[in-house]
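To keep things clear, I will list the structure first and then write my remarks on it.
The values are calculated or read from the model by the stated rules, or taken from the named source; none is laboratory data. Please read all numbers here as calculations on a predicted model, not as lab measurements. Glycine gets a Cβ as well: all are built from the backbone with ideal geometry, and neighbour counts include every protein chain shown.
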Amino acid sequence: MSVTVEHLTRATQRLREHPHDQGGWLELAAIHHALGNTEDAELVFATIGEGARVGGQVALAVACGRHLAELGSVRGPELIDHVVETYAKDGTHVATAASSGAPAPPEETPSVPAGKGSAVEEARAAVATLGAWLTARKVANIPAAPLLSALSKPGARALVGVMTARAFAAGAVVIDVGQPATALYWIAHGTLGVERNGAQLGELHTGEFFGEIALMGGTLRTARVTAREDVWVLEIPARAIENAAQKHPKLAEVLANHARTRLLANLMRTSELFRALEDDDRDALLARFEIELVPAGQTFIHEGKGNGHLWVLVSGKCQVQSAGAPLADLGPGAAVGEISLVSGTNAVASVTAIEPAVLLRLSKGDFKAVVKRHPKLLAEVEKLVVARETANRALFQDAADLIV
């Protein structure tokens, strides 16, 4: 579909009516660009970026800066410098948040009545008035930016320098199950849905990042992420994340904590072990689990030996074996180790990762402490024990029948 001045007129009217709407600002910038109004497009992108910077919407500010830099505009590097100075480690965002005190009173949005100029002139007038308001707002309690605030200013500049702003239309798949983890994604604008095997795991919104679970675990993607609307995301290459995390351990800690929280939240919704628990009971378990990255070929439960953990598979695939013979393959959401954990006996089978796997483990001591307060969990584990023992007996009987 070709873009005309009518589109510009409608976008300007949308901006007048909804000056807080970031989508409206982005639409106006895109229309200017499509019409060949390069200077106007760059000005709008720079205005959006500066407004996002002062408003704490860091991913959007970075995306505008990177996009402007790709267009060859000097406004891009200038905006990125301002973002880094504000949000990198020891940046001015700390002072802004600390000195904010009570929330700032809402500022009156300026009115921009329609005039009688051309479509371009009307758009320029709206941007001039609303842009001055947008970039001069006083926003209270601006949070730190998780990715940038863990880095020094040189480190933040280096990381931002390899980010690419990418647009996805509504319905587009951003990442899919089984794909290699080659990048981390940071949402500049829009909403995305996350699903696995047809089950909705949740939504991701502006400012959130995703893709860190498979990236950290070295596994393939275990969920599909789809644009619920037109979205704009920053793509950060895996190698850049690895290099930054090696130089700045705080970044690795941020990613690990974020991954752990998301893993547990997803697991609580998808694993049969936790479905019967109330939300409060589920939340109480979060602090107890630890992440374990298991490479392909490694056995983490050994037949005939003690097992001190309840294990829950988050991504990857594992195989259960007895006497060297495979009994079952396990996928995300499966729990193992529960029989030996509850009975106190040695493990009745070995469990080996047959591809790189991310697991969550709960120690025996923590398990006992948790089930005292949350007996529903013990009931669910006991059901799992009975079901697993019954299945094991059936498997062994089937094997015996083959002996002639």
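Against the condition touching a helix residue (DSSP H, G or I) at 6+ places or on another chain (Cβ under 7 Å) and not in a loop (DSSP other than H, G, I, E, B), how does Ile187 come out, does it pass? Answer is yes for this residue.
Take the residues of segment 55-75 that are of a type in the set (A, V, I, L, M) and farther than 15 Å from Ala188 by Cα: which is farthest from the chain's Cα centre (by Cα)? My answer is Val74. Looking across segment 198-214, the residues that are more than 20 Å from Ala61 (Cβ to Cβ) and either in a strand (DSSP E or B) or not assigned by TED's automatic domain parsing to the domain that holds Ala170 (or both) come down to Ala199, Gln200, Leu201, Gly202, Glu203.
Could you please let me know if Ala165 is among the small types (Gly, Ala, Ser), closer than 28 Å to Thr12 by Cα, under 19 Å from the mean Cα position of the chain (by Cα) and surrounded by 18 or more Cβ atoms within 10 Å (Cβ to Cβ)? Before you say what the answer is, go through the steps one by one.
Details: among the small types (Gly, Ala, Ser): yes; closer than 28 Å to Thr12 by Cα: yes; under 19 Å from the mean Cα position of the chain (by Cα): yes; surrounded by 18 or more Cβ atoms within 10 Å (Cβ to Cβ): yes.
Yes; evaluated as a whole, the condition is true for this residue.
Output the residue which, of all residues in segment 295-316 that are outside any loop (DSSP other than H, G, I, E, B) and among the aliphatic types (A, V, I, L, M), is surrounded by the most Cβ atoms within 10 Å (Cβ to Cβ). In this case the residue turns out to be Val314. Looking only at residues in segment 355-373 that are in contact with a Lys or Arg (Cβ under 9 Å, 6 or more places away or on another chain), over 30 Å from Pro180 (Cα atoms) and surrounded by 15 or more Cβ atoms within 10 Å (Cβ to Cβ), which one is modelled with the lowest pLDDT? Ranking the qualifying residues of segment 355-373, first place goes to Val370.
For Ala136, the conditions (1) surrounded by 14 or more Cβ atoms within 10 Å (Cβ to Cβ); (2) aliphatic (A, V, I, L, M); (3) farther than 25 Å from Trp186 by Cα are fulfilled apart from (1). Here Arg53 clears all of (1) modelled with pLDDT under 95; (2) surrounded by fewer than 17 Cβ atoms within 10 Å (Cβ to Cβ) except the condition numbered (2).
The residues of segment 195-208 that are in contact (Cβ under 8 Å) with a residue 24 or more places away in the chain and either closer than 15 Å to Pro332 by Cα or crowded, with 21+ Cβ neighbours inside 10 Å (or both), listed by number, are Glu195, Arg196, Ala199, Leu201.
Restricting the search to segment 326-351, which residues are among the hydroxyl-bearing types (Ser, Thr, Tyr) and either surrounded by 19 or more Cβ atoms within 10 Å (Cβ to Cβ) or within 11 Å of Val312 (Cβ to Cβ) (or both)? Write out each step before concluding.
Restricting attention to segment 326-351, the residues satisfying the condition of being among the hydroxyl-bearing types (Ser, Thr, Tyr) are 340, 343, 345, 350.
Within segment 326-351, Ser340, Ser350 meet the criteria.
Among the numbered criteria (1) surrounded by fewer than 18 Cβ atoms within 10 Å (Cβ to Cβ); (2) part of a loop (DSSP other than H, G, I, E, B); (3) over 20 Å from the mean Cα position of the chain (by Cα), which single criterion is violated by Val112? Of the numbered conditions (1) surrounded by fewer than 18 Cβ atoms within 10 Å (Cβ to Cβ); (2) part of a loop (DSSP other than H, G, I, E, B); (3) over 20 Å from the mean Cα position of the chain (by Cα), the odd one out for Val112 is (1). Which residues, taken from segment 121-162, are hydrophobic (A, V, I, L, M, F, W, C), part of a loop (DSSP other than H, G, I, E, B) and either over 31 Å from the mean Cα position of the chain (by Cα) or at pLDDT below 90 (or both)? Listed by number, the residues that qualify are Ala136, Val139, Ala140, Ile142, Ala144, Ala145, Leu147, Leu148, Ala150, Leu151.
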